[in-house]
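Heads up: the structure comes next, in structure tokens.
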Protein chains: 2
Amino acid sequence: MVNRQWLLARRPEGHAQVSDLELRANAQDESPLAPGEIEVRSLLFLCAPTMRNWMEPPGRSLYPSATLGAPMLAPSGGRIIRSAHPDWPIGADITYFGSWQDVQRLCPDEAGPGRVLPGLSLVDAMGRFGLNPLTAYFGLLRVGVPKQGETLLVSGAAGSVGSVVAQIGRLKGCRVVGIAGGPDKCRWLKDECGVDIAIDYKAAGFDAVLYAACPDGIDIFFDNVGGATLDAAVDRMNKFGRIVLCGQIAGYDGAATAGPRNMMRLVYGSIRMQGFLMGDYADEVPQAVAELRAWAEAGDLAYRDDIRQGFDALPASFLSLFDGTNQGTLLVMTDPAAASPA
Amino acid sequence: MVNRQWLLARRPEGHAQVSDLELRANAQDESPLAPGEIEVRSLLFLCAPTMRNWMEPPGRSLYPSATLGAPMLAPSGGRIIRSAHPDWPIGADITYFGSWQDVQRLCPDEAGPGRVLPGLSLVDAMGRFGLNPLTAYFGLLRVGVPKQGETLLVSGAAGSVGSVVAQIGRLKGCRVVGIAGGPDKCRWLKDECGVDIAIDYKAAGFDAVLYAACPDGIDIFFDNVGGATLDAAVDRMNKFGRIVLCGQIAGYDGAATAGPRNMMRLVYGSIRMQGFLMGDYADEVPQAVAELRAWAEAGDLAYRDDIRQGFDALPASFLSLFDGTNQGTLLVMTDPAAASPA
């Protein structure tokens, strides 16, 4: 058997390129598993903008760093094909922090994979109820702490995190202002996600448009973008406002984005700016998935995914996150079994 | 009777100057008080670096802005000399958000002055147990939330806020690293305040010295300074670290300081950066003063003040905050009665 791998061949300068990765086909390791190990065949990979960070050298920002010459790191879904761990049987579907290869070994007691809930396919477990919506859920509800009647501003609002943030905000009674790029995404936000106002960041006079959209100031800013957007938002944050730091797409070409210039507004406004990761709330995932499913079944949670096919196209599919063409959660399916419950 | 006033004559460009203020002597308003009003004679003014912000035009940072041609705003202490409010009797000492003038009228129901606790002089109420130590107390305990064994970094650590932060951190079992300017301040921090390490920000290779002083990273950064100090600290913040934004001395010449560049560390580190004002915790002040008094009486809280004399010297005294010569809480006494309980 062959184990295909996409290796990180070089660290990108600026925009990542397909040529930064290299396809290799190695013989699969058929040696016996050590006790406690499992072997998983990958069926599905999630692509997220922050993976561009993971292509950087190990450094000063606490994110994982892919090793040069090793498979690119990725949120992964697969099916257990060998097991030397009594709690993780052959045939079970799991999600895990893996890498771009057909087969890999994990130690569940160390690596902490997740069991796919009964009745869910990997596509659902990693898409509609996966990392992105859960990031939205915990970021907004645990860090942002929305209250009825507050103004919630979301950047990257048409993205797979932002659109869920906007809709949960709406369900919690917030006035929701979404920022997105281009009229199509803005229309989808208004018509399908039910935001109160959608702003095109590419439009002229963005700051003035933003301020006009938030006449009572901003109580919560859920920021996926950073940079100039964060700067503009800080100037309108209300007393006791919360800024949820989820990502910094503005800086995903390897350039760090700067924090806001108006630091004194954070001081005098008693404003809280806070980063988080979905994994901080791992214990609460089952309850969060249940709530997301209930909203989805009630028709309250518009969702789009963008499912690409094939292992060979992994780098090209990933890079579509950065050219504005991708709409919805970007999943790369390497085996059709990912679409059905195990 | 004459009412002397120091008026804000022009808004400073860069460093504030004595010539930005103008001394005026007006006739005192002797008309009757309206119901609910009181009249207070000022005895003591607190000078704090953030007052430089208050000289800026009303703007985008939520701080109060002194009116051009009106008396300069200041945390003030005085004695009630006329009263048309049953709860605020003549002869009582109060602290209030006032301005640089001999006499002023207040509406206690709107302006929220504070009653000086029995047995305390205004010098104690505004100094050892006043705005600065209370800012330290609430900022560290309510925003920073120190835990035994954590590393606490304090910038401006020899200042009247920072030195109390450092000592409360020590009392709570933190390993305390203080940043100050010059060997004298560093020695005082080590010898009198009991910090574990004092770092001179003027020393060569500051970042390397800072990192060597925090080998286990930084759990809490109490920041009075902003700018490059904040930038350096963020690179060493631990997962779930807290950055308490108290002030931005680096930007007190009217220039805004920028936020940290390493925003992705805030995201992946689940780091909370939060501004606050002492007034956010107004309800808890009596309990906080009691705790500060208990620590002071046990000899656990080193304190210095820097009491200047005279109304005429107010601007010059205030400006000593910015040339590095001031050490300790800077109070300007305009009447010796401020040194004794009412």
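The values are calculated or read from the model by the stated rules, or taken from the named source; none is laboratory data. As the structure is a prediction and not an experimental result, all values here were calculated from the model. As a convention, Cβ positions derive from the backbone with ideal geometry for all residues, glycine included, and neighbour counts pool all protein chains shown.
Which count do you get for residues in region A:111-129 that are more than 20 Å from residue A:281 (Cα to Cα) and part of a helix (DSSP H, G or I)?
Start the filter on region A:111-129 by keeping residues that are more than 20 Å from residue A:281 (Cα to Cα), which leaves A:118-123.
Now restrict to residues that are part of a helix (DSSP H, G or I): A:122-123.
The total comes to 2.
How many residues, within region B:305-324, are surrounded by 16 or more Cβ atoms within 10 Å (Cβ to Cβ) and either over 17 Å from the mean Cα position of the chain (by Cα) or part of a helix (DSSP H, G or I) (or both)? Steps first, answer last, please.
Our first condition is that a residue be surrounded by 16 or more Cβ atoms within 10 Å (Cβ to Cβ); within region B:305-324, this holds for B:305-308, B:311, B:314-315, B:317-321.
Next, only the ones that are either over 17 Å from the mean Cα position of the chain (by Cα) or part of a helix (DSSP H, G or I) (or both) stay: B:311, B:314-315, B:317-321.
Residues in region B:305-324 being surrounded by 16 or more Cβ atoms within 10 Å (Cβ to Cβ) and either over 17 Å from the mean Cα position of the chain (by Cα) or part of a helix (DSSP H, G or I) (or both): 8 in total.
Pick from A:68, A:33, A:43: which is part of a strand (DSSP E or B) and touching a residue at least 12 places away in the same chain (Cβ under 8 Å)? Explain how you work it out, then say what you get.
Working: A:68 fails: part of a strand (DSSP E or B); A:33 fails: part of a strand (DSSP E or B).
Answer to the selection: A:43.
Among the listed residues A:179, A:168, A:197, which satisfies the condition of being in contact (Cβ under 8 Å) with a residue 12 or more places away in the chain and surrounded by fewer than 22 Cβ atoms within 10 Å (Cβ to Cβ)?
On the way: A:179 fails: surrounded by fewer than 22 Cβ atoms within 10 Å (Cβ to Cβ); A:168 fails: surrounded by fewer than 22 Cβ atoms within 10 Å (Cβ to Cβ).
One residue alone meets the criteria, A:197.
Suppose we filter B:140, B:153 for residues that are outside the structural domain of residue B:331 (by TED's automatic domain parsing), part of a strand (DSSP E or B) and not β-branched (Val, Ile, Thr); which single one remains? So that I can check it myself, show each step before the final result.
On the way: B:140 fails: part of a strand (DSSP E or B).
None of the others qualify; the one that does is B:153.
Given (1) more than 14 Å from chain B (Cβ to nearest Cβ); (2) surrounded by fewer than 18 Cβ atoms within 10 Å (Cβ to Cβ); (3) in a helix (DSSP H, G or I); (4) under 17 Å from the mean Cα position of the chain (by Cα), identify the lone condition not met by residue A:302.
Every listed condition holds for residue A:302 apart from (3).
Would you call residue B:254 modelled with pLDDT under 95, out of contact with any Cys (no Cβ under 6 Å at 6 or more places or on another chain) and within 14 Å of chain A (Cβ to nearest Cβ)?
Values: modelled with pLDDT under 95: yes; out of contact with any Cys (no Cβ under 6 Å at 6 or more places or on another chain): yes; within 14 Å of chain A (Cβ to nearest Cβ): yes.
For residue B:254, the condition - modelled with pLDDT under 95, out of contact with any Cys (no Cβ under 6 Å at 6 or more places or on another chain) and within 14 Å of chain A (Cβ to nearest Cβ) - is met.
For every residue, the table says whether it meets (1) surrounded by 13 or more Cβ atoms within 10 Å (Cβ to Cβ); (2) among the aliphatic types (A, V, I, L, M); (3) farther than 24 Å from residue B:278 by Cβ.
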| position | (1), (2), (3) |
| --- | --- |
| B:5 | yes, no, yes |
| B:13 | no, no, yes |
| B:16 | yes, yes, no |
| B:27 | no, yes, yes |
| B:36 | yes, no, yes |
| B:40 | yes, yes, no |
| B:49 | yes, no, no |
| B:56 | yes, no, no |
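Tell me, yes or no, whether region B:256-270 has at least one residue that is part of a loop (DSSP other than H, G, I, E, B), in contact with a Lys or Arg (Cβ under 7 Å, 6 or more places away or on another chain) and among the hydrophobic types (A, V, I, L, M, F, W, C).
For region B:256-270, residues part of a loop (DSSP other than H, G, I, E, B), in contact with a Lys or Arg (Cβ under 7 Å, 6 or more places away or on another chain) and among the hydrophobic types (A, V, I, L, M, F, W, C): present.
Hey, can you tell me all the residues within region B:128-166 that are among the charged types (D, E, K, R) and within 24 Å of residue B:113 (Cα to Cα)? Explain how you work it out, then say what you get.
As a first pass, look at region B:128-166 and keep what is among the charged types (D, E, K, R): B:128, B:142, B:147, B:150.
Selection gives B:128, B:142.
Pick out the one residue from B:160, B:121 that is surrounded by fewer than 24 Cβ atoms within 10 Å (Cβ to Cβ) and either within 13 Å of residue B:244 (Cβ to Cβ) or in contact (Cβ under 8 Å) with a residue 40 or more places away in the chain (or both). Reasoning before the result, please.
Details: B:160 fails: surrounded by fewer than 24 Cβ atoms within 10 Å (Cβ to Cβ).
That would be B:121, the only listed residue that is surrounded by fewer than 24 Cβ atoms within 10 Å (Cβ to Cβ) and either within 13 Å of residue B:244 (Cβ to Cβ) or in contact (Cβ under 8 Å) with a residue 40 or more places away in the chain (or both).
Mind listing whichever residues of region B:195-218 are within 14 Å of chain A (Cβ to nearest Cβ) and either in a strand (DSSP E or B) or not small (Gly, Ala, Ser) (or both)?
B:207, B:210, B:211, B:214, B:218 - these are the residues of region B:195-218 that are within 14 Å of chain A (Cβ to nearest Cβ) and either in a strand (DSSP E or B) or not small (Gly, Ala, Ser) (or both).
Which one of these is within 13 Å of chain A (Cβ to nearest Cβ) and not hydroxyl-bearing (Ser, Thr, Tyr): B:68, B:43, B:62?
Numbers: B:68 fails: within 13 Å of chain A (Cβ to nearest Cβ); B:43 fails: within 13 Å of chain A (Cβ to nearest Cβ).
Of the residues listed, the single one that is within 13 Å of chain A (Cβ to nearest Cβ) and not hydroxyl-bearing (Ser, Thr, Tyr) is B:62.
Which count do you get for residues in region A:193-208 that are closer than 22 Å to residue A:149 by Cα and touching a Phe, Trp or Tyr at 6+ places or on another chain (Cβ under 9 Å)? Before the answer, list the steps.
Let us first name the residues in region A:193-208 that are closer than 22 Å to residue A:149 by Cα, namely A:193-199.
Subset that is touching a Phe, Trp or Tyr at 6+ places or on another chain (Cβ under 9 Å): A:198-199.
Counting residues in region A:193-208 that are closer than 22 Å to residue A:149 by Cα and touching a Phe, Trp or Tyr at 6+ places or on another chain (Cβ under 9 Å) gives 2.
Output the residue which, of all residues in region A:271-287 that are in contact with a helix residue (DSSP H, G or I) (Cβ under 8 Å, 6 or more places away or on another chain), surrounded by fewer than 19 Cβ atoms within 10 Å (Cβ to Cβ) and more than 18 Å from residue A:63 (Cα to Cα), is nearest to the other protein chains (Cβ to nearest Cβ). Walk me through it before giving the result.
Taking region A:271-287 as the starting set, the residues that turn out to be in contact with a helix residue (DSSP H, G or I) (Cβ under 8 Å, 6 or more places away or on another chain) are A:271, A:273-278, A:280-281, A:284-285.
Add one more test, that the residue is surrounded by fewer than 19 Cβ atoms within 10 Å (Cβ to Cβ), and what stays is A:280, A:284-285.
Narrowing further to those that are more than 18 Å from residue A:63 (Cα to Cα): A:284-285.
On the way: A:284: 15, A:285: 16 Å.
If we take residues in region A:271-287 being in contact with a helix residue (DSSP H, G or I) (Cβ under 8 Å, 6 or more places away or on another chain), surrounded by fewer than 19 Cβ atoms within 10 Å (Cβ to Cβ) and more than 18 Å from residue A:63 (Cα to Cα), then A:284 is nearest to the other protein chains (Cβ to nearest Cβ).
For region B:160-183, give me the residue count where each residue is in a helix (DSSP H, G or I), within 22 Å of residue B:228 (Cα to Cα) and either out of contact with any strand residue (DSSP E or B) (no Cβ under 6 Å at 6 or more places or on another chain) or among the small types (Gly, Ala, Ser) (or both).
Step one: of region B:160-183, the residues in a helix (DSSP H, G or I) are B:162-171, B:183.
Still in the running and within 22 Å of residue B:228 (Cα to Cα): B:162-163, B:165-166, B:183.
Add one more test, that the residue is either out of contact with any strand residue (DSSP E or B) (no Cβ under 6 Å at 6 or more places or on another chain) or among the small types (Gly, Ala, Ser) (or both), and what stays is B:162-163, B:166, B:183.
Qualifying residue count, region B:160-183: 4.
For region B:71-84, what are the residues that are over 21 Å from the mean Cα position of the chain (by Cα) and assigned to a loop (DSSP other than H, G, I, E, B)?
In the first step, residues of region B:71-84 are kept if they are over 21 Å from the mean Cα position of the chain (by Cα); the result is B:79-84.
Within region B:71-84, B:84 is the sole residue that qualifies.
Going by the structure shown, is residue A:247 touching a residue at least 40 places away in the same chain (Cβ under 8 Å), within 10 Å of chain B (Cβ to nearest Cβ) and either aliphatic (A, V, I, L, M) or in a loop (DSSP other than H, G, I, E, B) (or both)? Full working, then the answer.
Values: touching a residue at least 40 places away in the same chain (Cβ under 8 Å): yes; within 10 Å of chain B (Cβ to nearest Cβ): yes; either aliphatic (A, V, I, L, M) or in a loop (DSSP other than H, G, I, E, B) (or both): yes.
Yes.
State which residue is nearest to the other protein chains (Cβ to nearest Cβ) when the search covers only region A:8-30 and only residues that are within 30 Å of residue A:87 (Cβ to Cβ) and part of a strand (DSSP E or B). Outline the logic, then answer.
Narrowing region A:8-30 to residues within 30 Å of residue A:87 (Cβ to Cβ): A:26-30.
Those still in the list that are part of a strand (DSSP E or B) too: A:26-27.
On the way: A:26: 31, A:27: 35 Å.
Per the criteria, the residue is A:26.
Look through B:235, B:216 and report the one residue that is over 30 Å from residue B:287 (Cβ atoms) and surrounded by fewer than 17 Cβ atoms within 10 Å (Cβ to Cβ).
Values: B:235 fails: surrounded by fewer than 17 Cβ atoms within 10 Å (Cβ to Cβ).
The unique qualifying residue is B:216.
For region A:78-108, which residues satisfy the criterion of being free of Cβ contacts under 8 Å to residues at least 24 places away in the same chain and more than 12 Å from residue A:41 (Cβ to Cβ)? Outline the logic, then answer.
Taking region A:78-108 and keeping what is free of Cβ contacts under 8 Å to residues at least 24 places away in the same chain, we get A:86-87, A:89-90.
Once the filter is applied, which keeps residues that are free of Cβ contacts under 8 Å to residues at least 24 places away in the same chain and more than 12 Å from residue A:41 (Cβ to Cβ), region A:78-108 yields A:86, A:87, A:89.
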